[in-house]
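Take a look at the structure set out below.
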Amino acid sequence: MGFLEAIVATLAAGSALLGTTLAHPGGEEHSAEHVRKSLDARELAIAHATQVSKCAASPKHAALQQRAVARRALTAQLLREKRNIIDKPMVHRRDQASVDKWINTCHDMTSAYSTDLATAEASIFGSKNATSALTPETIIGPYFVAGEVIRRNVTENQAGIPMHVDLQFVDVATCEPVPNMLVDIWHANATGVYSGVAAAGQGGLNSTFLRGVQATDAEGVARYDSVFPGHYVGRTNHIHVASRRGGSVLANGTYHGGTVNHVGQLYFDQELISAVEAMDPYARNTVPLSHNRADFLVGDEATDVYDPFVEYVLLSDDANDGLLVWITIGVNTTADYDALAVPAATYQEGGGKENEGFGAGGPPPGKREEKKKETLT
């Protein structure tokens with residue numbers, strides 16, 4: 001049985017998940033100026049990519065990759081132990097590296113986490129995403145909220161397939177990991193709704209689900225617990241990522257300031273998307289599914305040397321047990337993309353504040369839930 005058949009069978013047999021909101025946003029809108037700036041930044045990144053190929057052969061990079069393999073394998077093991085699914089097989093899909101490369105090529109691999117453990121770890125958890133290239137910048141999107149809460153678990157009460165995210169940032173100038181950098185992620189819930197913004201169909205200024213910030217550790221890694229994102233009009237399933245240097249962590253568990261040095265989006269294999277979207281609550285989304293090939297922004301990040309599709313493993317043969325996804329992102333730590341990172345709103349204790357030109361206007365609809373500050377590790 002191939003990967004697609006296996007995962008479809010698994011999902012069909014999986015138990016139904018709890019319901020969630022069924023509201024849907026409209027398609028994303030981007031001004032011509034924002035699109036131009038993003039395309040200019042992407043072209044600059046592609047031009048720089050040829051200058052940093054030394055990382056691929058760097059001993060530092062090789063050592064970093066070895067440690068990443070061990071970290072991801074241990075993470076998967078601990079997650080499987082926590083869910084008491086250690087005896088179930090673990091299903092693996094590995095991507096290979098422009099858009100046609102990633103979308104047209106089918107490369108299934110189904111692996112049981114057994115037998116030769118060392119070989120399995122290196123094969124499964126060794127990242128195939130290019131780390132020798134500067135990752136292209138892309139559009140921030142209309143749902144970015146500045147100043148969000150520093151936390152690892154962003155799930156809140158959202159239903160969906162559990163997803164654990166491992167993002168590793170590498171400085172393309174030195175081939176070394178980038179520590180102490182604030183990394184912001186945000187994405188839609190299972191039925192395509194964003195929190196934190198006042199635009200019609202969204203969660204509102206008093207919501208914070210599926211958003212959070214982490215500081216990268218000594219290995220340049222930021223990790224999150226979330227759920228698999230849903231789709232909405234004109235967009236495939238994706239995760240937004242923005243990183244900044246020099247931001248200050250505040251006593252209330254949020255951040256302030258800093259300079260944005262990367263704006264990106266991450267994507268998933270179409271087989272995985274289609275299988276997950278057949279499940280509840282994803283299946284309740286009445287908006288037609290936009291495939292990777294039809295999404296106008298997928299090609300904004302894919303180049304010959306950078307793969308924007310995350311690698312992943314299903315933690316068992318039952319998708320309800322969740323998945324671990326990972327990717328390595330090459331950044332220019334001295335870049336300044338503040339002009340690209342225009343927020344729709346800003347998080348404030350007691351309620352979000354809409355920024356001019358976004359959403360439905362008017363005062364915040366209420367006080368945000370208090371968030372516990374997590375200790376940075």
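Where a number appears in this text, it was derived from the coordinates with a stated rule and is not lab data. Please read all numbers here as calculations on a predicted model, not as lab measurements. Here the Cβ is made from the backbone with ideal geometry for all residues, glycine too, and neighbour counts use every protein chain on show.
Take the Cβ atoms of Thr286 and Ser248, set R0 to 51 Å, and the FRET efficiency comes out at 0.75.
Scalar couplings 3J(HN,Hα) for the stretch 237-249, obtained by applying the Karplus form with A = 6.51, B = -1.76, C = 1.60 to θ = phi - 60°, are 5, 7, 10, 8, 9, 9, 10, 9, 9, x, x, 9, 7 Hz; x denotes Gly and Pro. Label positions at Ala215 and Ala339, each projected 7 Å from the Cα along the C-beta direction, are separated by 3.1 nm. Restriction of the chymotrypsin sites (Phe, Trp or Tyr not before Pro) in the stretch 240-284 to DSSP coil positions whose beta-carbon has at most 12 other beta-carbons within 10 angstrom yields no sites.
3J(HN,Hα) along the stretch 223-235: 10, 9, 10, 8, 10, 4, x, x, 10, 8, 4, x, 10 Hz, from the Karplus curve 6.51 cos²θ - 1.76 cosθ + 1.60 with θ = phi - 60°, whole Hz, x for Gly and Pro. Once you compute Rg and the Kirkwood Rh from C-alpha atoms, what is the Rg to Rh ratio for the stretch 163-208? Ratio value, two decimals: 1.18. Ranked by the mean number of other Cβ atoms within 10 Å of their residues, highest first, the peptides 323-334, 78-89 fall in the order 323-334, 78-89. In this structure the amide hydrogen of Val227, modeled in the peptide plane, comes within under 5 Å of the amide hydrogens of Met163, none closer than 5 places in sequence on its chain.
Remark on Glu311: its backbone amide H falls under 5 Å from those of Trp326, a criterion applied only to residues 5 or more positions apart or on other chains, H modelled at 1.01 Å from N.
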